[in-house]
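Since the structure comes first, as structure tokens, the remarks are kept for the end.
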Amino acid sequence: MSCGNKKCNDDHGEGHCDVDEAATPANDVVLNKYISAGKLAEQAMTGIIPKIVTGASVQQLCADGDKLIEELAANFNKKDKKLKRGIAVPVCISVDNVMSHYAPLPSEPDTILKDGNVVKIDLAVHVDGFIGACAHTVVENKITGAKADIMMAAYEGMEAAIRMLHAGKFDSSEVSAMMKDLAAEYKVKPVENMLSHQIGQNLVDGDKYIVINPGDESKAKVEKHLFDKYEVYAVDIYMTTGEGKVKAHPVRTTVYRIDEENTYRTKMKASRAFLSEVSPKHGSLLFNLRDTGDETRAKMAVKECVEHGVLRGFPVYATEEGSFVAQFKCTVIIQPGGIVKTCSVPLDKDLVKSDFSIQDPAIKNILNSALKPKKKPAKKTGGAATMTVA
């Protein structure tokens, strides 16, 4: 049986290849897992979006969203009992100027949605550790003005960014610069220092990333890079009506992940019990403390685990009070023939009426370009015809 890797000729079965491409989409088995994870993420997102209504509890929406992901994953490929699948990033629902990682515990103060809120849903699903991540901004009723501007800028920014990831075509600094230019078309700003990471098996933040709107302190440190075939990215775009500065929000951090390379042996019994429960289920992927079942024990364990680097927390971040933030994220695979978008939910533009539109010809050209350019036969010059990509 073939392992699915195009560059391997050995007959050793699926999932047992030592060739480098075995854990990348060069391997058809891996490619299908990425695509499957993306479909599950889309299903979860489309199940949550209709529930974003006035009076809804964010705490309950997050809990129900995680439950939906678990149900969808459990019903995927039931025949393969050993296949791990489930939450890669728990559902987070961040409102207005709150940007990310907001998923309150049952014992913490809740947020109740109001008409006019700008609501960001962020989640990720994995199949065998291969991740499909997406985020979507929701408004309950039709909007105009600045809120519409940031939603259009963030969505169009995501669509432009993914079209710049073709292997060897643009570098990461050019993508970042394009986001600033696109934001200016809508008279808004990209949120500072937001990262769109390369992702991999059981990895949400790989070594390569795009820094969107790097701040003054970050500019000198940012290393630009080209994009290569078979890389996978979670392209994550935030736009704000404010100045784009980010600060930690005072609410409790509830989203964590285990550093599996950390060898520190915890001293507290509560910490050992906590890790023995979380590690087999989530590995190095993200989870919500709510998912541990014993909130009191989890809170006790977190302190020791974070202090010694066993756990990494993902704090809640926000822009300045009175501002609004929109976010759109999708997962893409850079294939030899173009870009494959594994998960993304389209924006309902009938609900979003901005006074602005993109006029810059360079941005228009990118947005109008194909994710998978069509191949055209080259003109015959006396020899055999060759194929060129437009």
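The values are calculated or read from the model by the stated rules, or taken from the named source; none is laboratory data. What you see is a predicted model; the values in this text were computed from it and never measured. Heads up, the Cβs are rebuilt from the backbone with ideal geometry, glycines too, and the neighbour counts pull from every protein chain shown. The area values use the complete protein model at the heavy-atom level, side chains included, leaving out ligands, DNA and RNA. Shrake-Rupley method; radii C 1.70, N 1.55, O 1.52, S 1.80 Å.
With at pLDDT below 95 and either of a type in the set (Ser, Thr, Tyr) or in the same structural domain as Glu321 (by the TED database) (or both) as the only criterion, which of Glu140, Glu174, Glu156 stands out? Of the residues listed, the single one that is at pLDDT below 95 and either of a type in the set (Ser, Thr, Tyr) or in the same structural domain as Glu321 (by the TED database) (or both) is Glu140. Whenever a residue of region 180-192 is under 16 Å from Ser354 (Cβ atoms), its partners that are among the acidic types (Asp, Glu) and assigned to a helix (DSSP H, G or I), lying with C-beta atoms within less than 9 angstrom and at least six residues away or across chains, give the pairs Leu182/Glu156; Glu185/Glu156; Tyr186/Asp149; Tyr186/Glu156; Lys187/Asp149; Val188/Asp149.
Looking across region 77-99, the residues that are open to solvent by 10 Å² or more (accessible area, probe 1.4 Å) and within 24 Å of Glu295 (Cβ to Cβ) come down to Ile87, Val89, Val95, Val98. The number of residues in region 321-380 that are part of a loop (DSSP other than H, G, I, E, B), over 21 Å from the mean Cα position of the chain (by Cα) and among the acidic types (Asp, Glu) comes to 3.
Looking at this structure, is Ala270 open to solvent by less than 30 Å² (accessible area, probe 1.4 Å), in a helix (DSSP H, G or I) and of a type outside the set (Val, Ile, Thr)? Taking the combined requirement at face value, the residue satisfies it. For Cys8, the conditions (1) modelled with pLDDT of 95 or more; (2) more than 30 Å from Val138 (Cβ to Cβ); (3) not in a helix (DSSP H, G or I) all hold with the exception of (1).
Residue-by-condition table, conditions (1) in a loop (DSSP other than H, G, I, E, B); (2) touching a residue at least 60 places away in the same chain (Cβ under 8 Å); (3) under 20 Å from Tyr238 (Cβ atoms); (4) assigned by the TED database to the domain that holds Pro346:
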{"residue": "Ile69", "(1), (2), (3), (4)": "no, no, no, yes"}
{"residue": "Val89", "(1), (2), (3), (4)": "no, yes, yes, yes"}
{"residue": "Met99", "(1), (2), (3), (4)": "no, yes, yes, yes"}
{"residue": "Pro104", "(1), (2), (3), (4)": "yes, yes, no, yes"}
{"residue": "Asp115", "(1), (2), (3), (4)": "yes, yes, no, yes"}
{"residue": "Ile121", "(1), (2), (3), (4)": "no, yes, yes, yes"}
{"residue": "Val125", "(1), (2), (3), (4)": "no, yes, no, yes"}
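Restricting region 246-267 to residues that are among the acidic types (Asp, Glu) and at pLDDT below 90 leaves a set whose member that is surrounded by the fewest Cβ atoms within 10 Å (Cβ to Cβ) is Glu261.
All of Val53, Val30 fail the test of being at pLDDT 95 or above and part of a loop (DSSP other than H, G, I, E, B), apart from Val53.
Taking into account only those residues within region 178-233 that are within 28 Å of Phe130 (Cα to Cα) and of a type in the set (Lys, Arg), which is surrounded by the fewest Cβ atoms within 10 Å (Cβ to Cβ)? Of everything passing the filter in region 178-233, Lys224 is surrounded by the fewest Cβ atoms within 10 Å (Cβ to Cβ). In this structure, is Leu286 at pLDDT 95 or above and either open to solvent by less than 20 Å² (accessible area, probe 1.4 Å) or not assigned by the TED database to the domain that holds Gln198 (or both)? Yes: the conditions hold for Leu286.
Taking region 234-245 as the range and being within 26 Å of Val89 (Cα to Cα), of a type in the set (Ser, Thr, Tyr) and either open to solvent by 10 Å² or more (accessible area, probe 1.4 Å) or within 12 Å of the chain's Cα centre (by Cα) (or both) as the test, only Tyr238 passes. Considering Ala37, Ala74, the condition of being closer than 27 Å to Gln201 by Cβ, among the hydrophobic types (A, V, I, L, M, F, W, C), open to solvent by 40 Å² or more (accessible area, probe 1.4 Å) and out of contact with any helix residue (DSSP H, G or I) (no Cβ under 8 Å at 6 or more places or on another chain) is satisfied by Ala74 alone.
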